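*Asks:* Got a structure for you, questions after.
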Amino acid sequence: MAATMRGGNVALAIIFLCFTCSNNVFLLRSSSASSPIDDFLRCLSGKIPAEQVFTQSSSGFMAELTSSVQNPRFVTNATVRPACIVAASDASHVQAAVRCGRRSGVRLRVRSGGHDYEGLSYRAVRAETFAVLDLAGLRAVRVRAGDATAWVDSGATLGELYYAVGTANPGFAFPGGACSTVGVGGYLSGGGIGLMMRKFGIGADNVLDAMIVNADGELLDRGRMGEDLFWAIRGGGGESFGVVVSWRLKLSMVPPTVAVFTIAKTAGDGGGGDAAALLAKWETLILQPFLPDLTIRVVLQGRTALFQCLYLGGGGCARLAATMHAYFPELGMTASDCHDLTWLRAMAFISLGAADAAPEGMLRRTNNLGTYVKSKSDYVRRPMGAAAWSALFSDHLASNNAGVLILEPHGGVVGAVIPDMATPYPHRAGVLYNIQYGVFWWGDAEGESSAAARRWLDALYAAMEAAVSGNPREAFVNYRDLDIGENAVVGGVTEYESARSWGERYFMGNFRRLAAVKGRVDPGDYFRNEQSIPPLLQPY
């Protein structure tokens, strides 16, 4: 008999998922030859309140720098930190920062206040002088009852977006991700996958308009930026084309109640309830084109597989139970596993892990300065089968309870209706699911714990190569991974060929078009980091 843990009894240790200067005066060097940062700060003076600009000598600098950091690997003494942080609270502040940065020769790294797996929105890999433009103060959500659209600022979190839509406009939803602390700007800039994409498409498919500050400091809407740039910002990766300050989103209607469940199973128990056999059946379920209302993501840790379901088809738990009985009876779902909830409360259940979780809990902004993590990603286009899953548990997962795999099913609308080139996100037709790999450690950012964690992750990633996509081995830009490549800068501009190693894995056939758009809107490559889109200065 398979050992089964259900709903609230599951206790998986998943951490993954989910300048003011003195006297408020900008401090400038007294020497006659001012530095680029001096010039930048002088330019900002009068355009942005002094208490919203933090230099390294400011008492609040570290608090501001770490306010949304989710991976303490990138806030050690060895980290290349920004010379200053600009905490924007208005679009005019973004414009001023871009114009002053261009004028003084100070590059900006832009963060929206959510997750950043490689920390490139607030640190550099190699020594350079830069400033961080933090958008966490731009977090308004403008939504009206009965209106199927909403405007949201880039600095809002998904939890803030869900709460605003669910309270002001019940009956409507936005297809976002499972973790409420993810920043909207980063989520949409990378495409945005989640539990509702099988029915409504990825987040970027549901963007109707946007306001972007370009490399000249101009504030442009969709009409003024043009369709090529509008295409590029909806999934082409953040910080390559400008600074998107707000997004107009399409909302979709959902039933008054939706159904959710969480069921955990154990590998190695034998019989039909064994986690490996259930994963093999789950893979075939994704292939069913007529079940877009049903999404079951899976989280693997140790010998446990946690099946987490969101059902949008109407009829609540009764309908979901019938659907599961017809298509996935092996999971053994019962009435006690299922919860009928409003969409807003369902998102709180998924994000916070409890059926009675208050939606207000999704408004909490948190950082993580105690647990180190490294992540990677893959896409699967053919079922692995029970034997492969069994080997994965026994050879890798069972030996490390600090390792996690998250499987996000595709298919439905995102895979069968919307073409690969509709947005820069290309992982659509033929994709069964995305895999997010994560490994955690404690103690020091580097050292034996780090080395052991990385060895485990690298061995797992190598072992998965035969089972996942190839030529290229696809990866998800929102799970950014510097292991797959970094840009080379030649003559002050990112070299196109150097970026192909990672760019074609994130964007496949859309990468060249993204580079061509970059070449038109930012030919001088002002907006750049170690994995930013390079400018291609020739027709694509």
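The values are calculated or read from the model by the stated rules, or taken from the named source; none is laboratory data. Keep in mind that what you see is a predicted model, and the values were worked out from it rather than measured. Neighbour counts are summed over all protein chains in view; Cβ atoms, including those assigned to glycine, are modelled from backbone coordinates with ideal geometry. Calculation scope for accessible area: heavy atoms of the full protein, side chains included, ligands and nucleic acids excluded. Shrake-Rupley method; radii C 1.70, N 1.55, O 1.52, S 1.80 Å.
*Asks:* Would you list the strands (runs of 3 or more DSSP E) that sit entirely within the stretch 4-120 and hold 1 or more residues that are in contact with a Ser or Thr (Cβ under 9 Å, 6 or more places away or on another chain), of a type in the set (A, V, I, L, M) and modelled with pLDDT of 95 or more?
*Replies:* Values: elements: 4-6, 53-55, 84-87, 107-111.
Of the strands (runs of 3 or more DSSP E) lying wholly inside the stretch 4-120, those with at least 1 residues that are in contact with a Ser or Thr (Cβ under 9 Å, 6 or more places away or on another chain), of a type in the set (A, V, I, L, M) and modelled with pLDDT of 95 or more span 53-55, 84-87, 107-111.
*Asks:* OK, next. I'm told THR323 meets every condition in (1) within 26 Å of the chain's Cα centre (by Cα); (2) of a type in the set (Val, Ile, Thr); (3) farther than 14 Å from ALA178 by Cα except one. Can you identify the failing condition by its number?
*Replies:* Tallying (1) within 26 Å of the chain's Cα centre (by Cα); (2) of a type in the set (Val, Ile, Thr); (3) farther than 14 Å from ALA178 by Cα, THR323 fails exactly one: (1).
*Asks:* In the stretch 217-247, which residues are open to solvent by 30 Å² or more (accessible area, probe 1.4 Å) and either out of contact with any helix residue (DSSP H, G or I) (no Cβ under 8 Å at 6 or more places or on another chain) or on the phi > 0 side of the Ramachandran plot (or both)?
*Replies:* ASP221, GLY223, ARG224, GLU227
*Asks:* In the stretch 410-430, what residues are under 20 Å from ASN478 (Cα atoms) and crowded, with 21+ Cβ neighbours inside 10 Å?
*Replies:* Result: HIS410, GLY411, VAL414, GLY415, THR423, PRO424, TYR425, PRO426, HIS427, ARG428.
*Asks:* Which residues, taken from the stretch 349-404, are within 21 Å of VAL439 (Cβ to Cβ) and under 17 Å from the mean Cα position of the chain (by Cα)?
*Replies:* Listed by number, the residues that qualify are THR366, ASN367, ASN368, VAL373, LYS374, SER375, LYS376, SER377, ASP378, TYR379, VAL404.
*Asks:* Please specify each residue of the stretch 451-489 satisfying the condition of being more than 18 Å from TRP441 (Cα to Cα) and either part of a helix (DSSP H, G or I) or aromatic (Phe, Trp, Tyr) (or both).
*Replies:* Initially, the stretch 451-489 is screened for residues more than 18 Å from TRP441 (Cα to Cα), giving 462-480, 482-489.
Listed by number, the residues that qualify are ALA462, ALA463, GLU465, ALA466, ALA467, PHE476, VAL477, ASN478, TYR479, LEU482, ASP483, ILE484.
*Asks:* Filter the stretch 167-180 down to the residues that are surrounded by 24 or more Cβ atoms within 10 Å (Cβ to Cβ) and outside any strand (DSSP E or B) and list them by number. Walk me through it before giving the result.
*Replies:* Just the residues of the stretch 167-180 that are surrounded by 24 or more Cβ atoms within 10 Å (Cβ to Cβ), to begin with: 173-177, 180.
Those that are surrounded by 24 or more Cβ atoms within 10 Å (Cβ to Cβ) and outside any strand (DSSP E or B): PHE174, PRO175, GLY176, GLY177, SER180.
*Asks:* Residue by residue through the stretch 85-104, note down the ones that are crowded, with 20+ Cβ neighbours inside 10 Å, more than 18 Å from SER58 (Cβ to Cβ) and among the aliphatic types (A, V, I, L, M).
*Replies:* VAL94, ALA96, VAL98
*Asks:* So, LEU352, is that one touching a strand residue (DSSP E or B) at 6+ places or on another chain (Cβ under 6 Å) and over 22 Å from GLY273 (Cβ atoms) or not?
*Replies:* Values: touching a strand residue (DSSP E or B) at 6+ places or on another chain (Cβ under 6 Å): no; over 22 Å from GLY273 (Cβ atoms): yes.
The answer is no for LEU352.
*Asks:* Given the conditions (1) closer than 28 Å to LYS281 by Cβ; (2) of a type outside the set (Phe, Trp, Tyr); (3) open to solvent by 10 Å² or more (accessible area, probe 1.4 Å), report the number of the one that ALA451 does not fulfil.
*Replies:* With respect to (1) closer than 28 Å to LYS281 by Cβ; (2) of a type outside the set (Phe, Trp, Tyr); (3) open to solvent by 10 Å² or more (accessible area, probe 1.4 Å), ALA451 is out only on (1).
*Asks:* Restricting attention to the stretch 473-483, which residues are surrounded by fewer than 18 Cβ atoms within 10 Å (Cβ to Cβ) and in contact with a Lys or Arg (Cβ under 8 Å, 6 or more places away or on another chain)?
*Replies:* From the stretch 473-483, those surrounded by fewer than 18 Cβ atoms within 10 Å (Cβ to Cβ) are 473, 482-483; that's our starting set.
Once the filter is applied, which keeps residues that are surrounded by fewer than 18 Cβ atoms within 10 Å (Cβ to Cβ) and in contact with a Lys or Arg (Cβ under 8 Å, 6 or more places away or on another chain), the stretch 473-483 yields ARG473, ASP483.
*Asks:* Oh, and also: List, please: which pairs have Cβ atoms under 7 Å, are six or more places apart or on different chains, and start with a residue in the stretch 309-330 that is at negative phi and among the small types (Gly, Ala, Ser) and end with one that is in a helix (DSSP H, G or I) and surrounded by fewer than 17 Cβ atoms within 10 Å (Cβ to Cβ)?
*Replies:* Cβ pairs passing all conditions: GLY313/ARG319; ALA321/ALA335.
*Asks:* Sticking with this structure for a sec: Among the residues of the stretch 421-435, is any in contact with a strand residue (DSSP E or B) (Cβ under 8 Å, 6 or more places away or on another chain) and over 21 Å from LEU287 (Cα atoms)? Let's see the steps before the verdict.
*Replies:* Going through the stretch 421-435, the residues in contact with a strand residue (DSSP E or B) (Cβ under 8 Å, 6 or more places away or on another chain) turn out to be 427, 431-435.
Imposing the further condition that a residue be over 21 Å from LEU287 (Cα atoms) reduces the set to none.
The answer is no, given that none of the residues of the stretch 421-435 is in contact with a strand residue (DSSP E or B) (Cβ under 8 Å, 6 or more places away or on another chain) and over 21 Å from LEU287 (Cα atoms).
*Asks:* Anything in the stretch 145-161 that is out of contact with any strand residue (DSSP E or B) (no Cβ under 7 Å at 6 or more places or on another chain) and surrounded by fewer than 24 Cβ atoms within 10 Å (Cβ to Cβ)? List them, or say none.
*Replies:* ALA145, GLY146, ASP147
*Asks:* Here's something else I'd like to know. Quick check, is ALA164 in a loop (DSSP other than H, G, I, E, B) and either buried (at least 22 other Cβ atoms within 10 Å of the Cβ) or over 16 Å from the mean Cα position of the chain (by Cα) (or both)?
*Replies:* Working: in a loop (DSSP other than H, G, I, E, B): no; either buried (at least 22 other Cβ atoms within 10 Å of the Cβ) or over 16 Å from the mean Cα position of the chain (by Cα) (or both): yes.
No, not satisfied.
*Asks:* Considering each of ALA445, ALA516 in turn, give the residue that is over 21 Å from the mean Cα position of the chain (by Cα), at negative phi, modelled with pLDDT of 95 or more and aliphatic (A, V, I, L, M). Break it down into steps so the answer makes sense when it comes.
*Replies:* Working: ALA445 fails: modelled with pLDDT of 95 or more.
Testing whether each residue is over 21 Å from the mean Cα position of the chain (by Cα), at negative phi, modelled with pLDDT of 95 or more and aliphatic (A, V, I, L, M) leaves just ALA516.
*Asks:* Being open to solvent by less than 20 Å² (accessible area, probe 1.4 Å) and either more than 22 Å from ILE193 (Cα to Cα) or among the hydrophobic types (A, V, I, L, M, F, W, C) (or both) is the filter here; which residues of the stretch 372-384 pass it? Quick ask: steps written out before the conclusion?
*Replies:* Pass one, the stretch 372-384, residues open to solvent by less than 20 Å² (accessible area, probe 1.4 Å): 373-380.
If the condition is that a residue be open to solvent by less than 20 Å² (accessible area, probe 1.4 Å) and either more than 22 Å from ILE193 (Cα to Cα) or among the hydrophobic types (A, V, I, L, M, F, W, C) (or both), then VAL373, VAL380 are the ones that fit.
For every residue, the table says whether it meets (1) outside any helix (DSSP H, G or I); (2) out of contact with any helix residue (DSSP H, G or I) (no Cβ under 9 Å at 6 or more places or on another chain); (3) open to solvent by 10 Å² or more (accessible area, probe 1.4 Å).
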| site | (1), (2), (3) |
| --- | --- |
| ALA499 | no, no, no |
| TYR506 | no, no, no |
| ARG513 | no, no, yes |
| GLN538 | yes, no, yes |
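*Asks:* Oh, and also: Looking for something open to solvent by less than 20 Å² (accessible area, probe 1.4 Å), acidic (Asp, Glu) and either farther than 20 Å from ALA97 by Cα or at pLDDT below 95 (or both) - is there at least one such residue anywhere in the stretch 124-144?
*Replies:* Going residue by residue through the stretch 124-144, those that are open to solvent by less than 20 Å² (accessible area, probe 1.4 Å) are 124, 130-135, 138.
Now drop any that are not acidic (Asp, Glu), which leaves 134.
From the residues that got through so far, the ones that are either farther than 20 Å from ALA97 by Cα or at pLDDT below 95 (or both) too are none.
Scanning the stretch 124-144, I find no residue that is open to solvent by less than 20 Å² (accessible area, probe 1.4 Å), acidic (Asp, Glu) and either farther than 20 Å from ALA97 by Cα or at pLDDT below 95 (or both), so the answer is no.
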